[in-house]
Ligand code: AMP
């Protein structure tokens, strides 16, 4: 397991193996920043040859405590942890969303070094897509990719599958870590792993929230002070919905949650669906499936926020 040498990783530095400081304190490997596919492939080749396990945490940067909880878990469970920081153009269907996406590379690398990552993989778009950022093939992602985010962001999951599959090919992880904040994404990635016959364990990690309940998200930095003050009402409505569901049916609960969210000026629900946790298809009765989730997407001004909660 690696611990960062300093809060700041120095570009290009590769401290291979243990180094000894003048104080005689043994310090483990520093985090390195790699920007090319071939550099990462060489690194992975060496580590794999030495029988070391690799944890991969794919991110789009603008890191917060939610991302870091995945990294910390990966550090506990693997010999090496690679964190990719790449805003993937092929998963954005709205060009404004892509251009406004926050980018904070320097701060991200400092946080990753502190969290104990071995490698920050920070490639350019050209590096990941040498023949242009476009979709080259269709992945088999099952019906889980067609509902909710799949319906409202056409092509989004094909773009996600494309980049995650590419990262899996390059980083050859033993385990890959994904947050339950993107609940549907985990189901889709699992389908992709199965249809592509990939040998990697997908590890779901719980949602990290701010003290007021708002799910941490890189997009929260785009909220104005007023919007940030109102955004926690989304989670409050979900929690109230779970309480309400104890004495009401699925449809009534659905309508109650939407009514609660939309009652706040500045919040506008795009969709709220109560679904089977495995298939992500809507349920009509609470008893219809062993695990029932409520997944919501809300516009807070122009910022699109997603969240979810377990109902049963
Ligand atoms: P992103 O950078 O938004 O693509 O997220 C990278 C990974 O971090 C994804 O697997 C997300 O689900 C996960 N993630 C983002 N926000 C949170 C959060 N609040 N709690 C847990 N995981 C998160």
Comparing 221, 90, 174, which has the greatest mean-square fluctuation in the GNM of the chain with Cα pairs linked when under 10 Å apart?
221
Using a simple spin-label model with points 7 Å from Cα along the Cα→Cβ vector, what separation in nm is obtained for residue 302 and residue 77?
3.8 nm
For the pair residue 41 and residue 263, the simple spin-label estimate (label points 7 Å beyond Cα toward Cβ) gives in nm 5.8 nm
Any idea how far the Cα center of the stretch 28-91 sits from the one of the stretch 122-150, in Å?
20 Å
Computed over the stretch 132-210, the ratio Rg/Rh where both radii use C-alpha atoms and Rh is Kirkwood:
0.96
Acute angle (nearest 10 degrees) that the helix 37-49 long axis makes with the longest principal axis of the chain, alpha-carbon atoms
80 degrees
Rg/Rh over Cα atoms for the stretch 216-312, Kirkwood Rh, comes to 0.99
Expected sort for 51-63, 195-207, 293-305 on mean C-beta neighbours within 10 Å, highest first, is 51-63, 293-305, 195-207
What residue among 118, 245, 224 shows peak mean-square fluctuation when the chain is described by a Gaussian network model with Cα springs under 10 Å?
224
How much length, in nm to one decimal, is gained on full extension between residue 288 and residue 270, taken as 0.36 nm per residue of separation minus their Cα-Cα distance?
4.0 nm
Rounded to whole angstroms and listed largest first, the alpha-carbon spread of the chain along its three principal axes comes to 65, 41, 36
Cα gyration tensor shape for the stretch 93-149, rounded if a/c is under 1.5, else prolate or oblate
prolate
Calculated on alpha-carbon atoms, Rg and Dmax of the stretch 19-205 in Å
16.7, 59
Work out how much length residue 107 to residue 312 would gain on full extension: take 0.36 nm times their residue separation and subtract the Cα-Cα distance, in nm to one decimal.
69.9 nm
For the chain, what relative contact order do you get, as a whole percent, if you take Cα pairs closer than 8 Å and at least 6 residues apart?
16 percent
Gain in span if fully extended, residue 209 to residue 131, counting 0.36 nm per residue against the direct Cα distance
24.2 nm
Can you give me the angle between helix 183-196 and the longest principal axis of the chain, using Cα atoms only, in degrees from 0 to 90, rounded to the nearest 10?
60 degrees
Counting only helical runs of four or more DSSP H residues, what would the 222 nm mean residue ellipticity of the chain come to if each run contributes -39,500 (n - 2.57) and the total is spread over all its residues?
-10500 deg cm²/dmol
Rounded to the nearest 10, the angle in degrees between the Cα long axis of helix 233-245 and the longest principal axis of the Cα atoms of the chain comes to 60 degrees
For a quick check, take a GNM of the chain with Cα springs below 10 Å and name the residue from 131, 263, 42 with the largest mean-square fluctuation.
131
Based on the Cβ-Cβ distance from residue 143 to residue 50, what FRET efficiency comes out when R0 is 51 Å, to the nearest 0.05?
0.80
Which shape class, rounded, prolate or oblate, goes with the stretch 170-249 when its Cα gyration tensor gives a ≥ b ≥ c as root eigenvalues, a/c under 1.5 marks rounded, and past that a/b bigger than b/c marks prolate?
oblate
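Values in this text are rule-based calculations from the coordinates and carry no lab data. On a predicted model such as this, the values are computed, not experimentally measured, just so you know. Heads up, the Cβs are rebuilt from the backbone with ideal geometry, glycines too, and the neighbour counts pull from every protein chain shown.
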